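Worksheet: one structure, shown below.
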Amino acid sequence: MIRHVIKRLLLAVPTLLAMLTVIFVLVRLVPGDPAIAMLGDQATEASLQAMRSQLGLNEPIHVQYVDFLARALSGDFGRSMTSGRTVLEEVLQVLPYTLELTAAALFIGALLGLPLGTWAALRRNAWPDYASRIISLTGLSLPGFVSAILLLLVFAVHLRWLPVMSAAASDPVDHLRNLALPALNLGIIMAAYITRVTRSSMLNVLGEDYIRTARAKGVSQTRLVLRHALRNALVPVVTVVGLYFGTLIGNSVLTEIVFTRPGLGKLILGALTSRDYTLLQGLMVVFAAFIITVNTLTDLAYGLIDPRVTYD
Amino acid sequence: MADTTTLSAPRRSNAILATLRQNKLSWVGLALLAAIVFMAVFAPLLAPHDPLQQNIIHRLEPPSAEFLLGTDSFGRDVLSRLIYGARISLMVGFVAVAIAMFVGSTIGILAGYIGGLFDQIVMGIVDVMLAFPTLLLGLMIAAMLGANLENLIIAIAFTEMAPFARVARAPTIGLKERDFVEAGRALGFGPLRIMGVHILPNMASDVVVMGSLWMASAIRMEASLSFIGLGVQPPTPTWGGMIREGFENILTAWWLAIFPSLAILVTVLALNILGDALRDAIDPKLRSENAA
């Protein structure tokens, strides 16, 4: 097992290098002079020069590339132009809020999606199946900010059950009340994905011979579904959750903006409005590292769910 | 000669039409989409008011007989802005996906046809782009290029190239070994002609079906970027931009945010329904599952 883990971790290294290269090229493809973009048209030639050398733009491109790689791999993602703090500090300060939100969303997504998908598969081509398919397709079609605004209109503006703004609160009850709407918003999107995959994966598993054998042995329906079918149907579900993690992060950015919640989303928006390109580049690197980590962990999780999976 | 050689791989368009005829839900998607396209094309005839006409006396009025969906903070008619907004959404979605489709499948066919190290490097980059969240990538590109229509289209097209490259590469690898391609090579056709005339038509339906699914995603991204303020700039009406304005007045004027939200939802849902049905149609495994 440990050898497999090490092998899988080594496999992530070329992906990380490729991702860093893509980011490096992407940032350099931007038309115009970054120094002018940051300081504005009115800046003097001297201050532009100072900015260029600070950004390392006077170096030859391959030196810039090696420098960028070396810094990124050693955990130095650059320094924010506006706050002067390192990108890592900026990220670590707001990361707990985003992680809390995504974890709550995954929980809600699994809580709604797994039963709904299983139910649809068991009542295939009957009304629960059609209903779950339409519900999940609607969930997939909602842009994160649209569902957020609809939730806000219903629960915060119309019913007044929950707060409109959801900034941090020290009181645990208030804290949960603040988390409820953003987490529900992301949870609905996640539930849509999970329902879809659970349905098709359960359909595949329910057609297997061993399920028929178990049924013939007289295993009760509940035990059949929970013990025999769902466990095997979970493997593709975990894959999809891992794959859609990027989408989840993307949607959490929009959710945080709508609910004025601190987190990576607000950090990105702030970097955009203040034209803080080093912070943006650093954030892309952090996101890339984050996603590779999740993908690696997802792959490793197969081994825990399904003992047949080997990594050779 | 060229015409007969392309026929040796089966065409799927008939199967797609047959499946669409059976799937009733896909008709709903098609009808909704047709209605939205109609609305966008005939916007000047359908809109009751000028979408840019400000009217300070009628600021933030709730829906009424004169303003069916109410007015915004400049007294502009929400319904008219909604109708015109369909133009931007559909146009950006269509053009961005067309570019992504063209560039992406070209990359995929080249990688599959040339193979070797070129294939490995190109597909490595494609996989990295697939792993990166499209919304974040689009957001960064749009922000760096600057907010306007062309940059918005470039940003969305760039983020959606990778899946098309993947879809085009796989069949190319199988097709390049087939007899009719071999025959073309023996006849002295150049690689460009083989790729364009003999390989491309055999995967065109797959790529177009992918296009309808990704157009839903492109429209969603256009709305998201406009909502953040990186889309087509005001006063041009866009659905995302309207929701942004509505969000600022959410406590007092619910109608501003809700109608463009529903418009986006209906459009993306229609495209997703249609794309799902089309995908079922080209995937024989899914087709049998759906027919059961």
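Just a few scattered comments:
- Considering (1) over 19 Å from A:Ser136 (Cβ atoms); (2) more than 13 Å from every other protein chain (Cβ to nearest Cβ), the lone condition that A:Val197 does not fulfil carries the number (1).
- Residue in the stretch A:225-241 that is surrounded by fewer than 17 Cβ atoms within 10 Å (Cβ to Cβ) and in a loop (DSSP other than H, G, I, E, B) present: no
- Boolean, A:Arg231 is within 18 Å of A:Ile108 (Cβ to Cβ), under 25 Å from the mean Cα position of the chain (by Cα) and of a type in the set (Lys, Arg): no
Table: residues versus (1) within 30 Å of A:Ala12 (Cα to Cα); (2) open to solvent by 30 Å² or more (accessible area, probe 1.4 Å); (3) at pLDDT 80 or above.
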| site | (1), (2), (3) |
| --- | --- |
| A:Val30 | yes, yes, no |
| A:Met38 | no, yes, no |
| A:Gln42 | no, yes, no |
| A:Ala46 | no, yes, yes |
| A:Ser53 | no, yes, no |
| A:Leu57 | yes, yes, no |
| A:His62 | yes, yes, yes |
| A:Tyr65 | yes, yes, yes |
| A:Phe68 | yes, no, yes |
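- For the stretch B:17-58, filtered to residues that are touching a Pro at 6+ places or on another chain (Cβ under 9 Å) and in contact (Cβ under 8 Å) with a residue 60 or more places away in the chain, the residue that is most open to solvent (accessible area, probe 1.4 Å) is B:Leu52.
- Matching residues, the stretch A:175-188, being in contact with a Phe, Trp or Tyr (Cβ under 9 Å, 6 or more places away or on another chain) and under 25 Å from B:Asp276 (Cβ atoms): A:Asn185, A:Gly187
- Count of the stretch B:58-100 residues, restricted to those that are in a helix (DSSP H, G or I) and modelled with pLDDT of 80 or more, is 23.
- Residue pairs meeting the criteria (Cβ under 9 Å; at least 6 apart or on separate chains; first at the interface with chain A (Cβ under 10 Å from one of its Cβ atoms), in the stretch B:140-167; second open to solvent by 10 Å² or more (accessible area, probe 1.4 Å) and of a type in the set (Lys, Arg)): B:Ala143/A:Arg275
- If you check B:Glu66, B:Glu61 for being in contact with a strand residue (DSSP E or B) (Cβ under 7 Å, 6 or more places away or on another chain), on the phi < 0 side of the Ramachandran plot and not aromatic (Phe, Trp, Tyr), only one passes: B:Glu61.
- Residue list for the stretch A:132-143, filter: more than 7 Å from chain B (Cβ to nearest Cβ) and open to solvent by less than 40 Å² (accessible area, probe 1.4 Å): A:Ser132, A:Ser136, A:Gly139
- Note on the stretch B:141-185: residues that are open to solvent by 30 Å² or more (accessible area, probe 1.4 Å), closer than 30 Å to A:Ser274 by Cα and of a type in the set (D, E, K, R) total 1.
- Just one of the listed residues (A:Ala156, A:Ala148) is surrounded by 24 or more Cβ atoms within 10 Å (Cβ to Cβ) and within 13 Å of chain B (Cβ to nearest Cβ), and it is A:Ala148.
- Check on B:Ile125, open to solvent by 10 Å² or more (accessible area, probe 1.4 Å) and more than 14 Å from A:Leu26 (Cβ to Cβ): no
- The set of residues in the stretch B:104-121 being hydrophobic (A, V, I, L, M, F, W, C) and either open to solvent by 50 Å² or more (accessible area, probe 1.4 Å) or in contact with a Leu (Cβ under 8 Å, 6 or more places away or on another chain) (or both) consists of B:Ile107, B:Ile109, B:Leu110, B:Ile114, B:Leu117, B:Phe118, B:Ile121.
- Residues (open to solvent by less than 10 Å² (accessible area, probe 1.4 Å) and out of contact with any Pro (no Cβ under 8 Å at 6 or more places or on another chain)) located in the stretch B:229-239: B:Gly231, B:Thr238
- Subset tally (residues that are within 10 Å of chain B (Cβ to nearest Cβ) and crowded, with 23+ Cβ neighbours inside 10 Å) for the stretch A:258-275: 5
The values are calculated or read from the model by the stated rules, or taken from the named source; none is laboratory data. If you're wondering where the values come from, they're calculated on a predicted model, not measured in any experiment. When we count neighbours, we look across all protein chains shown, and the Cβ atoms used for this are built from the backbone with ideal geometry, even at glycine. Note: accessible area is taken over every heavy atom of the protein model, side chains too, but ligands, DNA and RNA are not part of it. Shrake-Rupley method; radii C 1.70, N 1.55, O 1.52, S 1.80 Å.
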